[in-house]
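Contents: one structure, followed by commentary.
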Amino acid sequence: MSNGDDTLLSQLQALTDRFAERLQQELPELAALAERLQQTPEHEQRRAQVVDIRERLHRLAGAAGTFGFAALGQQARQLEQRADRWLDAAKPGAQALREFTQAIEQWVTQALDAPANTPVASPDPEASRPAGCRVYLLEADRDAGEQMCQALANFGYEVLMFTQTGALQAATAVQRPDALIVSQYDGELQTLTELQQSLPAPVPLMVISEHLDFDNQLAAVRAGAQGYFTRPVDITQLENSLEHSLNLQLNEPYRILIIDDDADLAARYSLVLRNSQMLVEILSDPSELFETLHSFNPEVLLLDVNMPGCSGPELAQMIRLHAEWLRVTIIYLSAETDINRQMAALLKAGDDFITKPISDNALIAAVFSHAKRARSLSNALARDSLTGLLKHADIKEQVALEVQRAQRNGKPTSVVMIDLDHFKRVNDQYGHAAGDNVIRSLANLLRQRLRRIDSLGRYGGEEFVAVLPDCTAEQARRIFDEIRLRFAALNFHAGTRTFSVSLSAGISETDGNAAPGAMLEQADQALYDAKHNGRNQVRIARHG
Ligand SMILES: Nc1nc2c(ncn2[C@@H]2O[C@H](COP(=O)(O)OP(=O)(O)OP(=O)(O)O)[C@@H](O)[C@H]2O)c(=O)[nH]1
């Protein structure tokens with residue numbers, strides 16, 4: 001595989017260059033459209049323009065990911081979602097529109113300054129997901145390496161194998177991988193440490209070694225290892241570590257909302273936080289609070305205490321009247337130094353108090369730590385602990401959102417129900433822990449293979465639901481057939497025994513006004529058909 005490295009890398013580079021040229025044209029066009037939108041007074045015309053901008057953002061969000069511009073793709077996607085929310089709002093606000101167009105202009109300026117980045121998502125539901133999954137493998141034993149490439153390819157990773165450290169270094173200099181797996185024989189860790197130090201940020205590293213001794217593990221940690229495995233390698237465990245590291249890397253930026261009547265100060269805070277990779281919105285008119293909470297969904301709210309018309313603590317109390325916003329952390333930002341008054345504000349509502357003036361670093365640290373905690377709490381509430389996927393109620397809600405969206409934009413959306421075959425037998429024969437490992441591996445495989453815009457949840461014990469926007473049932477069938485084959489090819493281990501498991505899936509596609517519940521029922525019926533026709537297959541629901 002290493003022989004093809006040069007050609008592949010130069011092709012990747014050529015594609016990246018070509019896409020960068022396309023951006024130079026498309027981004028200024030978007031900025032021009034945003035400016036025109038600001039000057040359009042008539043509502044229907046505005047709507048049409050937002051739809052046009054949304055379409056362009058949508059195309060860019062997907063294409064950027066495919067061509068290697070991860071951050072840009074993510075940002076385009078977030079802007080696209082904002083456009084969607086504006087289009088969906090019962091009473092679309094002028095302020096929200098102004099902020100949206102400003103955000104586009106700001107984004108375009110930033111993107112034109114620094115466009116290059118790493119891949120994140122594919123717009124084409126059938127394109128294999130390159131999202132953050134380019135892995136370089138250093139393995140001197142070609143046969144062992146090729147086996148590992150194959151096993152990881154089944155999880156959807158794009159793996160390039162190198163048999164020599166020099167070739168790995170050269171490839172990394174051309175294009176940074178998203179993760180490194182290094183089979184250690186002799187001295188590689190020293191070279192790896194140097195390689196990591198030469199990069200702007202270290203790459204997540206998994207080390208495979210013969211030894212489990214202290215010195216070697218220390219050397220691995222110094223080279224930036226996030227996983228350490230001894231031979232024979234349990235590939236599902238290695239993949240799990242890889243997945244964990246990549247997910248940590250691909251985490252979306254924290255969303256921070258600032259409400260401050262001092263526009264200059266708010267702009268400054270916003271700049272400081274944006275520089276630390278957070279997404280920031282400023283709200284100057286508190287009466288638009290709930291509209292903005294819905295459209296931006298912040299994790300942290302920075303709230304001025306004294307504002308004309310309505311105080312910070314009053315706003316905080318209003319937010320706390322609604323259970324759905326409990327997860328937003330509220331931090332008062334105020335020049336108030338009187339500790340008694342601070343405490344009085346906190347007693348009404350709110351979680352912390354930051355006294356102005358505050359240094360940039362202190363502001364970043366305070367906001368970052370609150371945002372991190374808010375996110376982990378919200379993940380713990382919404383995500384299943386075994387698989388990290390959405391829980392039953394949340395994936396159901398996501399199905400409802402996407403089905404409604406499909407009805408509005410007239411695009412096909414598919415709902416897929418997936419169930420492991422004869423899973424009771426797996427538990428009975430190999431134990432519950434081995435069963436859990438199978439569930440986790442399927443979750444990882446699904447996550448790897450699907451796009452970022454797809455949603456995925458654990459619907460029941462060994463049952464999963466996926467919703468794929470802008471994807472026909474036929475496309476979904478091809479995707480899930482491929483997933484089915486890859487999954488069946490995985491080898492699981494229980495002690496000295498090795499086994500494999502198959503899956504069945506049922507698919508329904510949006511059709512006119514189908515209700516979300518009906519979509520799930522149809523997918524479930526198709527899954528039932530798949531089970532009763534011998535399992536290990538994917539079926540599309542019959543309409544009517
Ligand atoms: N290890 C493990 N097993 C689980 C978990 N949740 C559910 N299960 C098991 O999954 C099995 C589901 O069995 P059934 O729904 O009867 O069907 P099946 O054996 O999968 O056979 P099919 O008819 O092919 O669906 C039960 O034995 C559950 O105990 C879990 O979190 N971990």
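The values are calculated or read from the model by the stated rules, or taken from the named source; none is laboratory data. Note that the coordinates shown come from a computational prediction; the quantities given were computed from them, not determined experimentally. Cβ sites come from the backbone with ideal geometry, for glycine too, and all protein chains shown count toward neighbours.
Only residues that are of a type outside the set (S, T, N, Q) and touching a residue at least 12 places away in the same chain (Cβ under 8 Å): list them for region 323-335, please. So that I can check it myself, show each step before the final result.
Of the residues in region 323-335, the ones of a type outside the set (S, T, N, Q) are 323-328, 330-333, 335.
Hits for region 323-335 are TRP325, ARG327, VAL328, ILE330, ILE331, TYR332, LEU333, ALA335.
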Please list, ordered by first then second residue, the pairs with beta carbon atoms under 7 Å, 6 or more apart or interchain, first in region 430-451 and farther than 26 Å from VAL467 by Cβ, second more than 9 Å from the ligand (Cβ to nearest atom) and not in a helix (DSSP H, G or I).
TYR430/ALA494; TYR430/ARG497; TYR430/PHE499; GLY431/ALA494; ALA434/PHE492; ALA434/ALA494
In region 65-85, is there at least one residue being loosely packed, with under 14 Cβ neighbours inside 10 Å and not in a loop (DSSP other than H, G, I, E, B)?
no
Hey, GLU252 surrounded by fewer than 15 Cβ atoms within 10 Å (Cβ to Cβ) and in contact (Cβ under 8 Å) with a residue 60 or more places away in the chain or not
yes
Among (1) of a type in the set (S, T, N, Q); (2) farther than 28 Å from ALA71 by Cβ; (3) touching a helix residue (DSSP H, G or I) at 6+ places or on another chain (Cβ under 6 Å), there is one condition THR193 misses while meeting the rest; what is its number?
(2)
Residue in region 242-264 that is modelled with pLDDT of 85 or more, out of contact with any Pro (no Cβ under 7 Å at 6 or more places or on another chain) and in a helix (DSSP H, G or I) present
yes
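Taking GLU80 as the residue in question, decide whether it is more than 19 Å from ILE453 (Cβ to Cβ) and modelled with pLDDT under 90.
Working: more than 19 Å from ILE453 (Cβ to Cβ): no; modelled with pLDDT under 90: yes.
The answer is no for GLU80.
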For region 255-283, enumerate the residues that are touching a residue at least 24 places away in the same chain (Cβ under 8 Å) and of a type in the set (Ser, Thr, Tyr).
TYR269, SER276
So which of VAL415, VAL438 is within 23 Å of the chain's Cα centre (by Cα), modelled with pLDDT under 95, aliphatic (A, V, I, L, M) and buried (at least 18 other Cβ atoms within 10 Å of the Cβ)?
VAL438
Look through region 207-241, keep the residues that are modelled with pLDDT of 85 or more and touching a Lys or Arg at 6+ places or on another chain (Cβ under 7 Å), and return whichever of them is nearest to GLN448 (Cα to Cα).
ILE208
Determine if region 315-325 includes at least one residue that is of a type outside the set (Lys, Arg), under 27 Å from SER276 (Cα atoms), surrounded by fewer than 19 Cβ atoms within 10 Å (Cβ to Cβ) and touching a Ser or Thr at 6+ places or on another chain (Cβ under 7 Å).
no
The conditions are (1) out of contact with any strand residue (DSSP E or B) (no Cβ under 6 Å at 6 or more places or on another chain); (2) at pLDDT below 95; (3) surrounded by fewer than 17 Cβ atoms within 10 Å (Cβ to Cβ), and ARG486 fails exactly one of them. Which is it?
(3)
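Yes or no: region 479-496 includes at least one residue that is more than 30 Å from the chain's Cα centre (by Cα), more than 17 Å from LEU420 (Cα to Cα) and outside any loop (DSSP other than H, G, I, E, B).
Step one: filter region 479-496 for residues more than 30 Å from the chain's Cα centre (by Cα), giving 494-496.
Next, from what is left, pick out any that are more than 17 Å from LEU420 (Cα to Cα): 494-496.
Retained after the next criterion (residues that are outside any loop (DSSP other than H, G, I, E, B)): 494.
Yes - at least one qualifying residue is present in region 479-496.
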Working only within region 40-50, note down all residues that are surrounded by 14 or more Cβ atoms within 10 Å (Cβ to Cβ) and assigned to a helix (DSSP H, G or I).
ARG46, ARG47, GLN49, VAL50
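Determine, yes or no, whether ALA349 is without any contact (Cβ under 8 Å) to a residue 60 or more places away in the chain, under 28 Å from LEU321 (Cβ atoms) and touching a helix residue (DSSP H, G or I) at 6+ places or on another chain (Cβ under 6 Å). Please lay out each step first, then the result.
Details: without any contact (Cβ under 8 Å) to a residue 60 or more places away in the chain: yes; under 28 Å from LEU321 (Cβ atoms): yes; touching a helix residue (DSSP H, G or I) at 6+ places or on another chain (Cβ under 6 Å): yes.
Answer is yes for this residue.
Among the residues of region 145-168, what is the count of those that are in a helix (DSSP H, G or I) and among the charged types (D, E, K, R)? Give the derivation first.
Applying the first criterion (in a helix (DSSP H, G or I)) to region 145-168 yields 145-154, 165-168.
From what's left, among the charged types (D, E, K, R): 146.
Adding up the residues that qualify gives 1.
Taking GLN404 as the residue in question, decide whether it is within 21 Å of MET519 (Cβ to Cβ), touching a residue at least 40 places away in the same chain (Cβ under 8 Å) and among the polar types (S, T, N, Q). Even if it seems obvious, please write down each step before you answer.
Working: within 21 Å of MET519 (Cβ to Cβ): yes; touching a residue at least 40 places away in the same chain (Cβ under 8 Å): yes; among the polar types (S, T, N, Q): yes.
Yes, satisfied.
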Inside region 494-526, can you point out the residues that are over 18 Å from GLN475 (Cβ atoms) and either within 15 Å of the ligand (Cβ to nearest atom) or outside the structural domain of ALA443 (by TED's automatic domain parsing) (or both)?
ALA494, PHE499, SER500, VAL501, SER502, LEU503, SER504, ASP524, GLN525
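Results for (1) outside the structural domain of SER245 (by TED's automatic domain parsing); (2) of a type in the set (Ser, Thr, Tyr); (3) part of a helix (DSSP H, G or I), shown as yes or no for each residue.
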{"residue": "ALA170", "(1), (2), (3)": "no, no, yes"}
{"residue": "LEU189", "(1), (2), (3)": "no, no, yes"}
{"residue": "THR193", "(1), (2), (3)": "no, yes, yes"}
{"residue": "GLN197", "(1), (2), (3)": "no, no, yes"}
{"residue": "PRO202", "(1), (2), (3)": "no, no, no"}
{"residue": "LEU212", "(1), (2), (3)": "no, no, no"}
